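J.: I have a structure here, written as structure tokens, and I will follow up with some questions on it.
Computed from the coordinates by the stated procedures, all read-outs in this text should not be read as laboratory data. Keep in mind that what you see is a predicted model, and the values were worked out from it rather than measured. Glycine also receives a Cβ, built like all others from the backbone with ideal geometry; neighbour counts cover every protein chain displayed.
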Amino acid sequence: MGLIDVISNHGYTVTAMVMFLAAMGLPLPMSITLLAAGAASQHGLRLSTVLLVAWGAGVAGDTLFYFGGRYTGWWLLSGMCRMSMNPEQCIFSSAGYFYRRGQKTLLFAKFIPGLGAMAAPLAGSLNMRIGRFLRLDALGALAYCSVWLGIGYAFSGSLREITESLGRASHAALFLLLLLGFSYALALVVFTMRAQRYEGIDRITADNLYGRLQEQTPEKLMIIADVRSHGYYDPGMQRIKNSIRVEPHRLKEELIALREFMVPECEVYLYCSCLRDTTSVRVAHMLMQENCHTKVITGGMKAWIKAGGEVELVPETDLQHLPRFD
């Protein structure tokens, strides 16, 4: 049984579930589902009802994510960017795109891969008013659903032929899957080779560093530097107690200030919140080129908290929020 036949038998429920869950960030094929639902409308489903169901489910999911972004901010956005090497960069890049193009981004966001899932929580995080969000998101969702349902309805016969052809193309699909697997393996090899230049970076576990701080003597200065990217923090965000801020994207200027703290007996420890300590390692490598000996705290902030290390609120002067629409 093909997708169109499945939609014909369970069209309203399947379409609603896919649209709602995809709006919640799950990687589900909204456009393909809508195409199939449009084609199935030639064989039993009512097109107007499918449109209403798809539109309502999409807007409901977007609205839920809007409030999630509004009230959780960093937590939800960083969760959506958790697969990124640099979650802060992922958030700021998406937010910058959204903010530069204005609130009307919601009218076409669903047509752009990646932005469609981020648009609703970003609108909440950027403080867009709920009334304006609902109007723009509803229009955008209506346009998206109408376009794909309309195409599926108009080309129902062709879509059936395509799905039947795809069913006979299992060997080609297997070849494509193997090709993608090979490409992923190749990319992994390239990434590993590029990462070899960081092999000389010294690391220290949070437990070991915590123990050293307990034994610290006045003669030996220990600097803990927060190098989390872009300096983005929500109110109430924490950092390692007595750590200093080092902005990784203007490291040369930061290094001048950092040298004021450094003495021959100084030790510098870096931490971030990136996958595999990416930012800390990069900054440590750059500091090594400036003859500054540093160590990366393995696991960053999470490992430090797990080790029972002391934390403090990020000072108000260091807070850097996402831009706000209102």
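J.: Mind giving me the FRET efficiency for Leu52 and Met237? R0 is 35 Å, r the Cβ-Cβ distance, nearest 0.05 is fine.
T.: The calculated FRET efficiency here is 0.25.
J.: Gain in length, Glu215 to Leu313, computed as 0.36 nm per residue apart minus the alpha-carbon separation, to one decimal in nm?
T.: Residue separation times 0.36 nm, minus the Cα-Cα distance, leaves 32.9 nm.
J.: Can you work out the FRET efficiency for the pair His293 and Ser93, with r the C-beta to C-beta distance and R0 = 56 Å, to the nearest 0.05? Mind showing how you got there, number by number?
T.: Details: r = 32 Å, r/R0 = 0.58.
Rounded to the nearest 0.05, the efficiency is 0.95.
J.: Give the peptides 93-102, 280-289 in descending order of average Cβ contacts within 10 Å, highest first. Working shown, then result.
T.: Values: 93-102: 15.7, 280-289: 19.6.
The packing order, highest mean first, is 280-289, 93-102.
J.: Go through the stretch 54-69 residue by residue and turn each phi into a ³J(HN,Hα) via Karplus (6.51, -1.76, 1.60, θ = phi - 60°); whole Hz please, and just put x for glycine and proline.
T.: Couplings: 5, 4, x, 5, x, 5, 4, x, 4, 5, 4, 6, 4, 5, x, x Hz.
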